[in-house]
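Asker: First the structure, which I've put down as structure tokens, then a few questions once you've had a look.
Derivation of every value follows stated rules applied to the coordinates shown; laboratory data play no part. Every value quoted in this text rests on a predicted model; they were computed, and no experiment measured them. Because the Cβ atoms are built from the backbone with ideal geometry, glycine has one as well, and the counts that use them run over all protein chains shown.
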2 protein chains.
Amino acid sequence: MSLLVVGSVAFDNIRTPYGEAESIAGGSATYFSVTASYFAPVNVVAVVGEDFGEKQMQIFQGRPIDTQGLERAKGQTFRWRGEYKGDMNEAHTLETQLNVFQSFAPKIPPSYLSSEFVFLGNIDPTLQLHVRKQLPKGRLVACDTMNYWIQGKLDDLKKTLATVDVLVINEGEARMLSGTENLRRAASTIQSFGPSTLIVKRGEHGACLFRDKSIFFAPAFPLEQVHDPTGAGDTFAGGFMGYLAKSGDLSEAVLRRALVYGSVMASFAVEEFGLSRLLRVQPEEIETRFREFKAMTHFDV
Amino acid sequence: MSLLVVGSVAFDNIRTPYGEAESIAGGSATYFSVTASYFAPVNVVAVVGEDFGEKQMQIFQGRPIDTQGLERAKGQTFRWRGEYKGDMNEAHTLETQLNVFQSFAPKIPPSYLSSEFVFLGNIDPTLQLHVRKQLPKGRLVACDTMNYWIQGKLDDLKKTLATVDVLVINEGEARMLSGTENLRRAASTIQSFGPSTLIVKRGEHGACLFRDKSIFFAPAFPLEQVHDPTGAGDTFAGGFMGYLAKSGDLSEAVLRRALVYGSVMASFAVEEFGLSRLLRVQPEEIETRFREFKAMTHFDV
């Protein structure tokens, strides 16, 4: 089944203790779609500026990624400059230039309306809701959000959450959104806002899935070296949603495997700067690492 | 098989966002032995003062805990006063009175020398080594330590580590001891100091086991409310070592189940202040929670 993603495409300037990269392609829709394309066909809705050229477009080529919805606007592409220090758990934003992203009004090409699975990347919740309303009922819709919207647009965010099936956020955001420190109670509160399934990303501590009364935990893959955490969350979401779209099924067993595939893909993403590792990961490497996750978490009762 | 623990017995004054408790029995050897006694017979070596009376001794009674090695010295028992705030991941020590613990020189009763499994609780590494040397070769010896010894007595600690099979420490301590942020590399460094097996406790993020090339992760049990984290680490160690002693086996499968039993027991410990929950947990509750851990981590390949 196919997957629709709405999000950002950006140029990133990144510095980590292991090096730096200037003007490399990034953004939530980019990480998400490259990752998800290993599992299912992806339709992208995003906006780029005139500086996003042939070289950058090659990222999407040769993969089952439809870029009809990648609007080209006058001006420059969204730019982000950030730095990671020490344990690299947190990005320090040094500069943000919204550029063409400032007036982004997502337009869904008619052919995209048949996508059964939808991921609303981390954009203004008003835009997320606007997209949601254009989609036929019955689509599985997941969304992401961030501190900025939780603090600044909570009412709008709650309207969006009331219309989605899955929310994918990080642990700090889950605490902020629910107003509670305790993860289990935070999850119940957030589920009461709308999404029946909640995925909480915990960085180097893995991720967990809350659904009805069930909870599932997966660790993060213990890499010897993380070079660049940029895009790890969107990559996780791409692996998760990609596997759901591939399976076309929302059973508990599929959701659990999807969460592990999300973790697998995120573990590749952070091995190198930007998208480089993701662009050349092989399907057999994905399967091998999936089985390594199983080996790292299995015990006999 | 039987289990020997050397550690502290204390009176604790604890304040958490959920209440406070004055002069309740605590200490590493106390939490450890009560917990381990659900799995195997325990021999305790520790020191108490004249204020540790009949009421406190009842903690050990009616359980397979031998208190011959619980020395009674002139003076007051070790006292600790601490507080937990916010997310309760960290204890803030408000006061420590070492009292009789200051001159603790562990004496191992001859009948204890047949214990096949040994846990050296968090005491001066010189004392840990002193105890280690009194024990016959071939015993499985695990130990704990803390920041204070890593910073102040690293050379002595390394001498102790060279003689033990298992080290059980928390994540921050693992980073400090190894001098590296990356958990996987930290584990390799620490294993090169001596212990072939390393257990890293990650608080609310669970625990992991490093052994040869294998890694195993278990989450923490997601409680709706943590009332008092005091003793959780020693309780974890008690469940882990207790299950090993019960199994009498060090296969990978047993070590993994032992780690989960450690997490199970720690999850009970923190449900109430001090030892109260641990003192009345039922074997069937332990088994039920163990199966809940399996349900929370299982996925099909």
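Asker: Can you tell me which of B:Tyr38, B:Tyr112, B:Tyr18 moves the most in a GNM of chain B? Springs connect C-alpha atoms under 10 Å apart.
Answerer: Largest GNM mean-square fluctuation: B:Tyr18.
Asker: With both partners inside chain B, how many of the DSSP beta bridges are antiparallel, as a percent to the nearest 5?
Answerer: The answer is about 40 percent antiparallel.
Asker: Would you mind ranking B:Thr93, B:Thr235 so that the residue whose beta carbon has the fewest other beta carbons within 10 Å leads the list?
Answerer: Ordered by Cβ neighbours within 10 Å, fewest first: B:Thr93, B:Thr235.
Asker: Classify chain B as rounded, prolate or oblate, taking a ≥ b ≥ c as the square roots of the eigenvalues of its Cα gyration tensor: rounded when a/c is under 1.5, otherwise prolate if a/b is larger than b/c and oblate if not.
Answerer: Rounded shape, in that the Cα axes give a/c under 1.5.
Asker: What average count of beta carbons from other chains do you get within 10 Å of the Cβ of residues in A:219-228?
Answerer: Counting other chains' Cβ atoms within 10 Å and averaging over A:219-228 gives 4.
Asker: Excluding A:Asn170 itself, what net charge comes from residues whose Cβ is under 13 Å from its Cβ, given Lys and Arg +1 and Asp and Glu -1?
Answerer: Result for the neighbourhood of A:Asn170: -3.
Asker: Between A:Gln61 and B:Ala162, what FRET efficiency comes out of the Förster formula 1/(1 + (r/R0)^6) with R0 = 45 Å and r the beta carbon distance, rounded to 0.05?
Answerer: Using R0 = 45 Å, I get an efficiency of 0.20.
Asker: Is the shape of the range A:144-216 rounded, prolate or oblate, going by the alpha carbon gyration tensor and its root eigenvalues a ≥ b ≥ c, with a/c under 1.5 for rounded and a/b larger than b/c for prolate?
Answerer: Since a/c reaches 1.5 but b/c is at least a/b, the shape of the range A:144-216 is classed as oblate.
Asker: Considering only C-alpha atoms, what is the centroid distance from the range B:248-262 to the range B:206-236, in Å?
Answerer: Measuring centre to centre over Cα atoms gives 13 Å.
Asker: Excluding residues on the same chain fewer than 8 positions from A:Lys133, give the lysines whose Cα lies under 23 Å from its Cα.
Answerer: Once the sequence-local lysines are set aside, what remains near A:Lys133 is A:Lys107, A:Lys153, A:Lys158, A:Lys159.
Asker: Then there's this: With runs of 4+ DSSP H residues as the only contributors, calculate the mean residue ellipticity of chain B at 222 nm using -39,500 (n - 2.57) per run, divided by the residue total and rounded to the nearest 500.
Answerer: Using -39500 (n - 2.57) per qualifying helix, the result is -10500 deg cm²/dmol.
Asker: If each residue's Cβ is checked for other Cβ atoms within 10 Å, how do B:Ile24, A:Ile150 rank with the fewest at the top?
Answerer: Least to most surrounded, the residues fall as B:Ile24, A:Ile150.
Asker: Stretched out fully, how many nm does the piece from B:Glu54 to B:Thr288 gain, at 0.36 nm a residue minus the Cα gap?
Answerer: 80.9 nm
Asker: Hey, what did chain B get for relative contact order, percent, Cα under 8 Å, at least 6 apart?
Answerer: 18
Asker: Taking 0.36 nm per residue of sequence separation and subtracting the Cα-Cα distance, how much length would be gained by fully extending the chain between A:Lys74 and A:Glu95, in nm to one decimal?
Answerer: Fully extending the segment from A:Lys74 to A:Glu95 adds 5.4 nm.
Asker: Going by how many other Cβ atoms sit within 10 Å of their own, how do A:Lys137, B:Lys133 line up, fewest first?
Answerer: By the 10 Å Cβ count, ascending, the order reads A:Lys137, B:Lys133.
Asker: What net charge is computed for the residues neighbouring A:Glu50, neighbours being all others with C-beta under 13 Å from the C-beta of A:Glu50, Lys and Arg scored +1, Asp and Glu -1?
Answerer: -1
Asker: What shape does the range B:45-157 take by its C-alpha gyration tensor, where a ≥ b ≥ c are the square roots of the eigenvalues and a/c under 1.5 counts as rounded, a/b above b/c as prolate, and the rest as oblate?
Answerer: Since a/c reaches 1.5 but b/c is at least a/b, the shape of the range B:45-157 is classed as oblate.
Asker: For the protein assembly as shown, just the Cα atoms, rotate onto the principal axes and tell me the three extents in Å, largest first.
Answerer: That gives 84, 43, 40 Å along the principal axes, largest extent first.
Asker: Could you give the distance between the Cα centres of the range B:159-195 and the range B:1-63, to the whole Å?
Answerer: Taking the Cα centre of each part, the range B:159-195 and the range B:1-63 sit 27 Å apart.
Asker: First select every other residue whose beta carbon is under 12 angstrom from the beta carbon of A:His227; then total the charges, Lys and Arg +1, Asp and Glu -1.
Answerer: -3
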